[in-house]
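This report concerns only the one structure given below.
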Amino acid sequence: MMKIKFLLTAILCSVVGFAQSVNDYKAVIVPLKYDFIKTENQYRLATLSKSNLVKAGFVGFYANEQLPEGYTDRCQVLYMDVVRDNAFLVTKLFVQFKDCFGQVVYTSEVGKSKEKDFELAYKECLDNAFKSIYALHYKYSGNAPVISAKGAAAPVAAKVSPAAAAVTTAAVTTQVVAATPSPDLKDPNLLYAQPTESGYQLIDKTPKVVMKLLKTSQTNVYIAIKDNVQGSLILKEDGQWYFESYQNDKLVSEKIVVKF
């Protein structure tokens, strides 16, 4: 019984923590397209998302908007995603808010609909999902979120399972990234790293994807693709990242300012 009470308390604290952390972000960025739809603002989902955000008290911007002064720090805003949960005869959607590292800060309740028309079903689902977001009573706290590299290297035992080894490798990679000097957030060339399944994508302040990174066996080297040019992003001894590629049979090295 004590274990059950402890578990319930831990879950409650976790939920409260998420709700409170949402207040530390100035605004929410709304994508024009979600993974389960084919075109931008299909079924008016982007429009409905922003409308619901405003009703919930948030400041919302579309992903293609030029952010005004005071909102240009990508780590002081949240990034909205709507996920479809496949179900038979019922449409289900839920909302996620993520930070600039792609880590989930808050997940809404699942909104459901039995409507057969997609536009009606998605609207009803989104409205229902936002009921839990309304209940947060969002109000910007004025406190900048504490952004730090997640994870730490764990000691390796004599025998390590493949899953544990993968976790340890990810932790070491995090340490390498964390060891680099903090970039100047006012640098106009600053790029922000957003995690992907295979590595990262680097975005500018527009936001626009400038470079795609693919993980390698080396924690300080990524396969990098920029403007259809493939090369490597390498962390050098000076603690800076460099994009190196061959152009006209000549090795070109370009310093890249990136915030992981």
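Cα-Cα over 23 Å: which of 50/98; 50/112; 38/215; 50/186; 33/123; 55/208? Don't skip to the answer; put the middle values down first.
Details: 50/98 16 Å; 50/112 19 Å; 38/215 28 Å; 50/186 28 Å; 33/123 15 Å; 55/208 28 Å.
With Cα atoms farther than 23 Å apart: 38/215; 50/186; 55/208.
What number, in percent, do you get for the relative contact order of segment 180-259 if the mean sequence gap of Cα pairs under 8 Å and at least 6 apart is divided by its residue count?
Details: 154 pairs, mean separation 19.2, N = 80.
That works out to 24 percent.
Let me know the shape class of segment 180-259, please: from the alpha-carbon gyration tensor, a ≥ b ≥ c as square roots of the eigenvalues, rounded when a/c is under 1.5, otherwise prolate if a/b is greater than b/c, or oblate. Could the numbers behind the result be given before it?
Values: a/c = 1.28, a/b = 1.23, b/c = 1.04.
Here segment 180-259 falls in the rounded category.
Rule-based calculations on the coordinates, nothing more; no lab input. Quick caveat: nothing in here was measured; it's all calculated off a predicted structure.
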